[in-house]
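Below: the structure, in C-alpha cells.
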Amino acid sequence: MASDVKFLAIRKGLLEFLLLKIVSADKVYVADILGRLEGTEFATQEGTLYPLLSKMRRESLVDYEWRESEAGPPRKYYRLTAKGRAQLAELNDYWRHINRTIQQLEQ
Amino acid sequence: MNKVTTVNLNGRVYQVEEQTHDLLRAYLDEAARMLTDDPDCREILVDLEQAIGDKGARCLGAGRDVLGEADMKRILAEMGPVETGEPAAGAAPGAGAAAGAGSPPRETSGPKRLYLVKEGEMIAGVCNGLAAYFGVDPTIVRLIFVALLVLSSGLFGIAYLVMMFVVPTAKTAEERAAARGLPFNAQELVEQAKRHYADVKDSTQRWRDRRRRAKERAFWRPKEQRSYEEPQSRPFERPQPGYGARIAAGIVLPLLGVISAALTVACLVAGASLLATVGILGWNLPPGVPPWVAILALVAVFALINAPLRAVRYATYEALGPRRGWFVFWDGVLWLALVIVAGWIAMHHVPGLGEFIQHLFHDWRAIPYEFARMAAQRLAGA
C-alpha cells in the first residue's frame, strides 16, 4: 500500500520540509542527510537529493560551504539561511494546523 | 579478459573495466539530459560525480584497484535515477540505474515563423527577420529590399512600415529559434539559454552572495575560510565593473537621455510639420518629391543618428553591472518625461504645429480621407 502512487506524491511533497528540518539541526553533508532518512519511509538517493538541494539553494533556503574531508576532495556542508529558517517555522505551523484539521474531521 | 580504462571523477582517478565505464557514461548522460533545464546542471553533475567517486573509494582498497561492472551497477542503483521537480519530457519514471534507459528520439526541426529579429538589426529588424526565415544573409535581403524600394519608387517602404508593426518581435529564446526554424530543444540552444541565464540571473545572485560573504569575512571570518565558489562549475564569470565606470555611466545616461529625447521630438515635430504643411518648418520639399518619401527619409535619418546613440546607451547599461535593472527603469522614465516636456515646448513654440495637433485630436476620423485627398491632389498636380 505504501508504494501507491498517491502515497509517493505525499512523500515527495514532504521531502523538502524534512530536508529543512534535518539541515536546521546541524551543518550537514549529503551522506548525513541520506543516513538520517535511511530506513524511514522517506529514504532517498543522491539522484533526487542533489537537484533538490540545488533548487533550495537557488531559492536561498539553504547555503553551503566547502570543508576538507579526511579522504578525497572537500565536501559541501549545507546549513539553513534565515529565509530557510523562516520557511521551516511556517511549515511546522502549517503541518500542525493540517494535523489538527484532520483530527477534527475524524471526530 | 576485460579492457581497463581510467576515469576521472571530480579529481579522483579510478581504473574501471570498459563495461563499467559505459554504465557510468550512460548514467551521467541520462542525468545531464534530465537536468538540461536546471540552471545548476553543471554543479549537480559535479556533485553526482563526487558522490559516485566516494562510493567507489569505499569499494576499493585492500587488494582491489579496479572497479568492476557489478560494483558500478550497485553504486548507480544506490545513487538512484536523477529526478527533478518537474519530470522531463520522455523521462522513464522510476527506472533503476540508467543502465537500459534509452532516450527518446529528438525533434530535428522546429516550427518556423516570421519574426522581427532584433539582434543586429538596422531599422526594425524586418529584413533581418526575413533573412532568418529564409536562411540567407541579412545583407542580401537588405540589398534586394533597397532594389525593390527604388524600382517600386518607394512603395516597398510602406510594406516595411506595415511589417514593422504587424510582425511580432522574437523575444524569447524559443521565438528566436522559431524565427530560424531551429528545433527549440537543440543542444546548442540549451547551451545558449544556459549562457543567458548564467549572465543575467546568476550574476545578480552571485553578486549578492559575494557581497554578503565579503561582509562576513570582514567581520568575523578567519582567513582560512574556504570560498564557497567552485571555479569549474561557474564558467561564465562576468567582470564586475568598477565604481568609476558606474559613476561615469550615471553621468552619461541622463545626457544620452536628453539627446535621444530631443532627437525623438525633433523627428516627430518634423514629421508632423511635413504632414501639416508639406514642408519642414518652412522649408518646402523640392517639387516632385511626394511627402511620404520625405517621411521615409526622415525615419531613415532618425534611425541613422539614433543607432550609435543607442549603442552607447546599451554599452552604458552594461557598465552598470548586474544591478542595472533600476537604472534602466529610471532612465526610461527620465526619457519619457523629457519627451513629454520637449513635446509640450515644441507644441507651443513651433508655428502651425499646435493647430495641427488640435486638428488631429479634433477629427482624427477624417485623417484617412485627408490623406486620400492630399494624395489625389498630388497625383492631379503631377
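The values are calculated or read from the model by the stated rules, or taken from the named source; none is laboratory data. These figures come from a predicted structure and were not determined experimentally. Positions of Cβ are backbone-derived with ideal geometry, glycine not excepted, and every protein chain shown enters the neighbour counts.
In the stretch A:14-27, of all residues being farther than 18 Å from A:Arg67 by Cα and of a type in the set (D, E, K, R), the one that is nearest to the other protein chains (Cβ to nearest Cβ) corresponds to A:Glu16.
Looking across the stretch B:329-354, the residues that are assigned to a helix (DSSP H, G or I) and at pLDDT below 70 come down to B:Leu353, B:Gly354. Looking at the structure I just gave you, is B:Leu151 at pLDDT 80 or above, exposed (fewer than 15 other Cβ atoms within 10 Å of the Cβ), of a type in the set (A, V, I, L, M, F, W, C) and not assigned by TED's automatic domain parsing to the domain that holds B:Ala294? No: the conditions fail for B:Leu151. Being part of a helix (DSSP H, G or I) and modelled with pLDDT under 65 is a condition met by no residue of the stretch B:296-309.
Scanning the stretch A:28-58 for residues that are within 11 Å of chain B (Cβ to nearest Cβ), small (Gly, Ala, Ser) and farther than 19 Å from A:Ile10 by Cβ turns up A:Ala31, A:Gly47, A:Ser54. Among the residues making up the stretch A:41-72, those that are of a type in the set (A, V, I, L, M, F, W, C) and either touching a Pro at 6+ places or on another chain (Cβ under 6 Å) or assigned to a helix (DSSP H, G or I) (or both) are A:Leu49, A:Leu52, A:Leu53, A:Met56, A:Trp66.
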